[in-house]
Amino acid sequence: MPPFRTVLRTLQQSLLLGGAVLVLAGSPAQGQSSAPLAHSGPASRPLTGQSSVQPSAHGSRLAQFGSESASDDARRIAHWAFHSGDHRRHAVVVVDKKDAKVYVFSPDGKLQGATPALMGSAIGDHTVPGIGDKPIAQVLPAERTTPAGRFVAEPGTNASGEDVVWVDYDAAVSMHRVRANVKSERRLERLASSTPKDNRISYGCINLPVVFYEKVLSPAVRSTGAVVYVLPETRPAASLFGTYDVPGNAEPARR
């Protein structure tokens, strides 16, 4: 797996660099546009301090959860992403690790779907340096975290040729279809249970029901691009993302 990822990343970086040179050489200066995200890897927001993002001209728009249950943190970060324009007019994916739940919103804030998900078995918001280049058999239990932060979703394939949505390519963390290859792990049963307490089983990737991945997440990422907000579990979400209080955001959490 590591050699495949290294070669693919090198090729992507070369193509991006060549494209950047051509753009700088041949394109006149233009105003800001809503062009698709061009990152080949995650674009994390600083983890401390206040965000430099201010309310956008479209700041009256909030995330529309409807009757879907969600934690206070999930609502707060989703509302802020749309109110501030931090999502850059792309789809928004909120990953709530504490509740083991994933929400996908269209660029205009409409909820496209929500689902239980499986997360990394280890509690923590950090990424172990070099974890993406480790053979999976050598990843220690304490290293199996799902990192928190702001990421640019990146469609791609894994070493097995399966299509996935990369969250943090360098750390080998992706969102993909749940795999029930090891019966003793009971991954399908964990997804179907009524509690998030048994949803910590993966090596760090975010496992989704097959239908949700294929019908909701993947189409959203591929059609408009997406920004993924993975909520922390060891610190306040507001301090991680540098958010502000959204005016009128008084909608109570539903559980």
Report the local net charge at ALA91: Lys and Arg +1, Asp and Glu -1, summed over other residues whose C-beta lies under 15 Å from its C-beta. +4
Tally up the carbon and sulfur contribution to the accessible surface of region 145-255 as a whole percent, 1.4 Å probe, everything protein left in place. 52
Taking a ≥ b ≥ c as the square roots of the Cα gyration tensor eigenvalues, with a/c under 1.5 meaning rounded and otherwise prolate when a/b beats b/c, else oblate, which class fits region 166-239? oblate
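Once the piece of chain linking GLU189 and ASP72 is laid out straight, how much longer is it, given 0.36 nm per residue of separation minus the C-alpha distance between them? Numbers along the way, then the final one.
Numbers: separation 117, 0.36 × 117 = 42.12 nm, distance 2.66 nm.
Using 0.36 nm per residue and subtracting the Cα-Cα distance, I get 39.5 nm.
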Around ASN207, with a cut-off of 14 angstrom between Cβ atoms, what is the net charge of the other residues, counting Lys and Arg +1 and Asp and Glu -1? +4
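Rounded to the nearest 20 debye, what is the charge dipole size of region 157-220 about its Cα centre when +1 sits on each Lys and Arg Cβ and -1 on each Asp and Glu Cβ?
On the way: 9 positive and 8 negative charges, 73 e Å.
The calculation lands at about 340 debye.
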Hey, got the dipole for region 102-211? About the Cα centre, +1 on K and R Cβ, -1 on D and E Cβ, debye to the nearest 20? 460
Qualifying aspartates and glutamates (Cα of each under 19 Å from Cα of LYS215; at least 8 residues distant if same chain): GLU68, ASP108, GLU154, GLU162, ASP163
With label points built 7 Å along Cα→Cβ from the Cα atoms of ALA142 and ARG235, find their separation and express it in nm. 1.9
Express in Å², to the nearest 10, the accessible area of SER184 obtained by rolling a 1.4 Å probe over the protein heavy atoms while all chains stay in place. 100
Counting only protein heavy atoms and rolling a 1.4 Å probe, one gets per residue an accessible area for region 162-255 in Å² of 48
Full extension from THR157 to GLN64: what is 0.36 nm times the residue separation minus their Cα-Cα distance, to one decimal in nm? 30.4 nm
Solvent-accessible surface (1.4 angstrom probe) belonging to LYS97, in square angstrom, nearest 10: 0
Checked region 99-255 with the C-alpha gyration tensor, a ≥ b ≥ c its square-rooted eigenvalues, rounded below a/c of 1.5, otherwise prolate if a/b is larger than b/c and oblate if not; verdict rounded
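The values are calculated or read from the model by the stated rules, or taken from the named source; none is laboratory data. Nothing here was measured: the structure is a model prediction, and the numbers come from that model. Counting neighbours? That spans all protein chains shown, and the Cβs are built from the backbone with ideal geometry, glycine included. Quick note on the areas: whole protein, heavy atoms, side chains included, nothing else; ligands and nucleic acids left out. Shrake-Rupley method; radii C 1.70, N 1.55, O 1.52, S 1.80 Å.
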